[in-house]
Amino acid sequence: MKIGFVGLGNMGAPMAMNLAKTGHSVVGFDLATPCPEGVTAATSAADAANEAEVVITMLPNGTILRAVAQELIPAMASGAVLLDCSTVDVESARAVASQAEEAGLLAADAPVSGGIGAAAAGTLTFMAGGSEAAFTKVEPLFDVMGQKAVHCGPSGNGQAAKICNNMILGVTMIGTCEAFALADKLGLDRQKMFDVVSTSSGYSWTMNAYCPAPGVGPTSPADNDYQPGFAADLMLKDLRLSQQAAKGVDADTPMGQAATALYASFVEEEDGAGKDFSAMLPRFVSRRRT
Ligand code: NAD
């Protein structure tokens, strides 16, 4: 397939490389980063879109996506697919998709779960929103860049699935960390706590697969001095998107709201920026009850 790829950062570059490696013709553009191996450099976003059957975007946020889409849409051939894999607000995803469809294109939003390692290994999970026709056309590309793709419904539903998942993840990580900090103060050994909780009703992905306590459970960023993994900054971004969406549809999400406030303090007022999101554990340990 002829593919345009705009946004070749930490995630976009390895995704574009994987597509090129499997024989797709990939033309890439990024404002700041050079094209990775196997990807032909375009001079602009519109240049990357020219003659492409699918244009993939992997950009920082919804404002940038909306701006880039204004360049891409007029340059794309009728019937081509605009596939946004960035994590953006639901409203921007739906607005860009409807503009693309009005211009005779197909559109899908397909944010990913999995970080830089999964992007490089081609093991991302895609949660997609958009028409059946758009999903069917890009499904073979999901198979190259990822291990699983779920079609979640119409445009914006991929972003909805992503922020709901990550709201659960943020809330659960905080719950797991505060429980470890409480266990410490009660004199309960962390390994014993893991042995009980990981096989009891308090079990979760954050406890069982990504344990925030160093030396306990499978290897995780906690064992590497909380180098990310999944950075607290990105968790804050996703939590804020969840709260923006909740406000827009008048949904009551008190735990999501509390998690957003905690990660905001951690990243913006304390020392959480650049650390893994599981570094909430040492944060709780170092604090007293307020
Ligand atoms: P990044 O900042 O490394 O990459 C974004 C790229 O977009 C940069 O290289 C930047 O130069 C480029 N860019 C910005 N404006 C542009 C424009 N107008 N035209 C062309 N290029 C432009 O970010 P990333 O870590 O690759 O993340 C990309 C998206 O994936 C984000 O929405 C993020 O939330 C999401 N995501 C990231 C991770 C992760 O672990 N990094 C995991 C899941 C989802």
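Close amide H contacts of Ala149 (hydrogens built in the peptide plane, cut-off under 5 Å, sequence separation of 5 or more or a different chain): Phe126.
Across the alpha-carbon set of region 234-287, the Rg to Rh ratio works out to 1.02, Rh being the Kirkwood radius. Against the chain, whose longest principal axis is taken from its Cα atoms, helix 12-21 shows a tilt of about 60°.
Normalised by the number of residues in the chain, the mean separation of alpha-carbon contacts (under 8 Å, six or more apart) gives a relative contact order of 12 percent. Its relative contact order, with pairs defined as Cα atoms under 8 Å and 6+ residues apart, puts region 154-275 at 25 percent. Number of Lys-Lys pairs in the chain with C-alpha atoms under 20 Å apart and a separation of 8 or more places or on different chains: 10. Sort out for me the Cα centre separation of region 18-51 from region 73-90, rounded to whole Å. Region 18-51 and region 73-90 have Cα centres spaced 15 Å from each other.
Electrostatic bookkeeping for Ser78 treats Lys and Arg as +1 and Asp and Glu as -1; over the other residues with beta carbon under 13 Å from its beta carbon, the sum is -4. Taking Cα atoms only, the orientation of helix 90-102 departs from the longest principal axis of the chain by about 10 degrees. Against the main long axis of the alpha-carbon atoms of the chain, helix 157-185 sits at an angle near 20°.
All Cα-Cα separations within region 26-76 were binned at 5 Å from zero, giving a P(r) of 4, 22, 32, 27, 13, 2, each value a whole percent of the pairs.
Considered as an equivalent ellipsoid built on the Cα gyration tensor, the chain has semi-axes of 37, 20, 16 Å, the largest given first. When Rg and Dmax are taken over the Cα atoms of region 1-152, they come to 13.4, 36 Å.
For the pair region 109-184 and region 235-290, the centres of their Cα atoms are 19 angstrom apart.
For region 71-81, backbone phi angles converted through the Karplus equation (6.51, -1.76, 1.60; θ = phi - 60°) give residue-by-residue couplings of 7, 6, 4, x, 8, 8, 6, 3, x, 6, 10 Hz, Gly and Pro being listed as x. Charged neighbours of Ala181, selected by a Cβ distance under 11 Å, balance to +4 (K, R count +1; D, E count -1). Quick one: work out the % antiparallel among DSSP beta bridges in the chain, nearest 5. Close to 15 percent. Net charge around Gly248, counting only other residues with Cβ within less than 10 Å of its Cβ (Lys, Arg = +1; Asp, Glu = -1)? In short, -2.
Every pair of different Cα atoms in region 172-224 enters the Kirkwood calculation, which places the hydrodynamic radius at 10.8 Å. Rounded to two decimal places and with Rh computed the Kirkwood way over Cα pairs, what is Rg over Rh for region 116-244? My calculation of the ratio gives 1.05.
Bear in mind these aren't lab numbers, they're just calculated from the coordinates by the rules spelled out. Treat the numbers as computed from the prediction; the structure is a model and nothing was measured. Methodologically, a virtual Cβ is constructed for each residue, glycine included, from the backbone with ideal geometry; neighbour enumeration extends over all protein chains shown.
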